[in-house]
Amino acid sequence: MITVGSLRVEYVAGLATVQDLGRDGYRALGVPVSGALDRLSAVYANALVGNKPRSAVIEVFGAISLKLLSNAVVAVTGGHPRVFVDNVEVKSWMPILCSRSSVLKVAPSGVGRIHYIAVSGGIVCEEVLGSKSTYVRGGMGCLGRPLKVGDVFEVSPIDVGYVWSRVADLRPPSNLVEKHVKLESSTLLRATEGVHSYLLEDLNTLLRNEYIVAVESDRMGYRLEGTPLSSAGRLGRLPSIPTDRGYVQVPPDGRPIVLMSDAQTTGGYAVALHVLPRDTDSLAQLNPGQRVRFKLVDISEADSEVSNYLKELEEPILQREELEYWV
Amino acid sequence: MSTSRDLRVVRSGGYVIHVDVCGEVSLDCAREIHKLYYSIKSELSNQFTEVVPGVSSIAVYYDPRKVSGESIVRRIRDLWQWCRDVDIKDLYRSRKFTIPVVYGGEFGPDLQSIAAWSKLAEDEVVRIHSSRRYTVITLGFTPGFVYMGEVDPSIAAPRLETPRVKIPAGSVGVAGKMTGVYGLESPGGWRLLGRTPLTMFDYRRNPPIPISPGDEVYFKPIDAVDFSKLLGVFVGDYSG
């Protein structure tokens, strides 16, 4: 039976916004791409409920509670969120069948930072310049603002029973979450040289030392604490260049900032490195205080890694848990 | 092939080609960028996912599954040689825009400091700023921010030491040789001369801002009464 679904925000602590894979094609007008900070987790949430990879999901820094006003298949991905349906703990990174009136709670576990909630059918809201991603500074996309208690979202009409029969046994590969959301003491970020690597004579400082994710990290950029790059101070202000997610900017104070989805489209600071997109997704999941290390890779490795990443965003790799039941 | 025509190209991240066209920001540089930008847009449209002009460089974003970065770099270098003798008019037909501005007072809180920096009266700064035709260098930073040049050297005051946290949409500022308009409320460090009542960026329109690199802009001084009359008029609908 096809039902028109909806859900209501009952509680939110932190920042929750609706995001998809972003607003490509408008950088030349100064419009940031926006979209999920951790794109891989967002597409897996969608795949686990049978949605298209670019469907809108709810991105949560913190905790949220949603009341499902209709039956729905949901999935929660991201770091290692704790997920509860009517106060019963369930697993993240798998489809969950929720009945009408049930309450879905998602809270941080201390490991991982951002959660993604997908609902079968996909969230219905205003699309701006080809995307539902919320860009809060520009007041555009979906609600144009963070979610608040009382917000009600419609979900595209869908046959929930049919969806469940198709997705119930879908799981991501066993090591995917472990590889993606790092539990190790230090996360390795693969990066190519950046636009201004050649101007920074102490680039090796960045490559040899560990850096710590700073508290001042948000959807625009993640600041890193550690040995500053003194050469950046001597460079001063450079002509503004087009920038992107994963660019490691070094302002004159020498403290690196890794640009994220809502970063401005141009910047006048030295760009030391460019973190590969998959590793930017992993960085997004780190909490303040966690450590990172950069590893320089060459451009051909970056090309093939980005090819694999883009393919996985379009076709997430899923397995059937107990295949014999479904043949 | 003269060495002065060499481009510095950096490929990064597996999907970005950054092309440094010139070493510093100037109108001459902007003209070169516009020629290459519009050439890439028309000739390589099936090669990139997005092409973005900066003030002295261009970035081309591509999908490494569909094209090789190396081959796009070769095509860009060829285009660069090809467009050397091409007139920009053959690549892009520029449009003219007039932007009405209330100068000074609460609308332009830095007019005084610009006057002090230039050792000129405020009226004179306004006259100098509004009597030039500016070329749109590029858009960027935040939605609808328009970079233009060049400002008369006598009023080309540097950026503020400490940027403001919040600048109203429509604010018109200078930063050295460039003048610009803030499309949306945002933080920023340009010295503010005044503010336009026009809506510069409206995401519900397509395109959200009609101004493109290479277009010409004139600033027209208006008073506070005209400001309230024109408040919210879309920049594309204002004919001056």
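Among the listed residues B:Arg95, B:Arg65, identify the single one that is under 21 Å from A:Gly30 (Cβ atoms), at pLDDT 95 or above and of a type in the set (Lys, Arg).
B:Arg95
Quick one: B:Arg159 ticks every box in (1) more than 12 Å from chain A (Cβ to nearest Cβ); (2) under 27 Å from B:Asp28 (Cα atoms); (3) of a type in the set (D, E, K, R) bar one, so which box is it?
(1)
Could you look through segment B:183-219, keep only residues that are within 10 Å of chain A (Cβ to nearest Cβ) and hydroxyl-bearing (Ser, Thr, Tyr), and pick out the one that is nearest to B:Ser131 (Cα to Cα)?
Top of the filtered list is B:Ser212.
Between A:Val275, A:Val271, A:Val250, A:Val292, which is more than 9 Å from chain B (Cβ to nearest Cβ), in contact (Cβ under 8 Å) with a residue 60 or more places away in the chain and not acidic (Asp, Glu)?
Testing whether each residue is more than 9 Å from chain B (Cβ to nearest Cβ), in contact (Cβ under 8 Å) with a residue 60 or more places away in the chain and not acidic (Asp, Glu) leaves just A:Val292.
Considering A:Ala47, A:Ala63, A:Ala36, which residue is over 20 Å from A:Gly150 (Cβ atoms) and not in a loop (DSSP other than H, G, I, E, B)?
A:Ala47
Run down A:Arg145, A:Arg100 and say which single residue is of a type in the set (D, E, K, R), farther than 30 Å from A:Gln264 by Cα and either within 14 Å of another protein chain (Cβ to nearest Cβ) or part of a loop (DSSP other than H, G, I, E, B) (or both).
A:Arg100
Return the residues of segment A:184-206 that are away from chain B (no Cβ under 14 Å) and either under 16 Å from A:Thr280 (Cα atoms) or without any contact (Cβ under 8 Å) to a residue 12 or more places away in the chain (or both); say none if nothing qualifies.
Correct list: A:Glu184, A:Ser186, A:Thr187, A:Leu188, A:Asn204.
Which of the residues belonging to segment B:33-48 are surrounded by fewer than 20 Cβ atoms within 10 Å (Cβ to Cβ) and either within 11 Å of chain A (Cβ to nearest Cβ) or of a type in the set (Asp, Glu) (or both)?
Within segment B:33-48, B:Lys41, B:Glu43 meet the criteria.
Would you say A:Arg137 is touching a Lys or Arg at 6+ places or on another chain (Cβ under 7 Å) and either of a type outside the set (Phe, Trp, Tyr) or not in a loop (DSSP other than H, G, I, E, B) (or both)? Outline the logic, then answer.
Values: touching a Lys or Arg at 6+ places or on another chain (Cβ under 7 Å): no; either of a type outside the set (Phe, Trp, Tyr) or not in a loop (DSSP other than H, G, I, E, B) (or both): yes.
In short, no.
So that you can scan it fast, the table gives a plain yes or no per residue for (1) at pLDDT 95 or above; (2) surrounded by 17 or more Cβ atoms within 10 Å (Cβ to Cβ); (3) closer than 16 Å to A:Arg8 by Cα; (4) not assigned by TED's automatic domain parsing to the domain that holds A:Arg8:
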residue: A:Cys98; (1), (2), (3), (4): yes, yes, yes, no
residue: A:Lys105; (1), (2), (3), (4): yes, yes, yes, no
residue: A:Val119; (1), (2), (3), (4): yes, yes, yes, no
residue: A:Ser133; (1), (2), (3), (4): yes, yes, no, no
residue: A:Cys142; (1), (2), (3), (4): yes, yes, yes, no
residue: A:Val149; (1), (2), (3), (4): yes, no, yes, no
residue: A:Val163; (1), (2), (3), (4): yes, yes, no, no
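Confirm whether A:Phe61 is touching a His at 6+ places or on another chain (Cβ under 9 Å), at pLDDT 95 or above and of a type in the set (Phe, Trp, Tyr).
On the way: touching a His at 6+ places or on another chain (Cβ under 9 Å): yes; at pLDDT 95 or above: yes; of a type in the set (Phe, Trp, Tyr): yes.
Considered against the rule, which asks whether it is touching a His at 6+ places or on another chain (Cβ under 9 Å), at pLDDT 95 or above and of a type in the set (Phe, Trp, Tyr), A:Phe61 comes out as yes.
Might you let me know whether segment A:30-48 holds any residue that is without any contact (Cβ under 8 Å) to a residue 60 or more places away in the chain and more than 11 Å from the chain's Cα centre (by Cα)?
Scanning segment A:30-48, I find no residue that is without any contact (Cβ under 8 Å) to a residue 60 or more places away in the chain and more than 11 Å from the chain's Cα centre (by Cα), so the answer is no.
Can you name the residue in segment A:231-247 that is within 12 Å of chain B (Cβ to nearest Cβ) and not in a loop (DSSP other than H, G, I, E, B) and, of all such residues, is surrounded by the fewest Cβ atoms within 10 Å (Cβ to Cβ)? Steps first, answer last, please.
Residues of segment A:231-247 that are within 12 Å of chain B (Cβ to nearest Cβ), as a first pass: A:236-247.
Cutting the leftovers down to not in a loop (DSSP other than H, G, I, E, B) gives us A:241-242, A:247.
Details: A:Ile241: 25, A:Pro242: 27, A:Tyr247: 30.
Top of the filtered list is A:Ile241.
The values are calculated or read from the model by the stated rules, or taken from the named source; none is laboratory data. Note that the structure is predicted; figures quoted are calculated from it, not measured. Cβ: placed from backbone, ideal geometry, glycine included. Neighbour counts: every protein chain shown.
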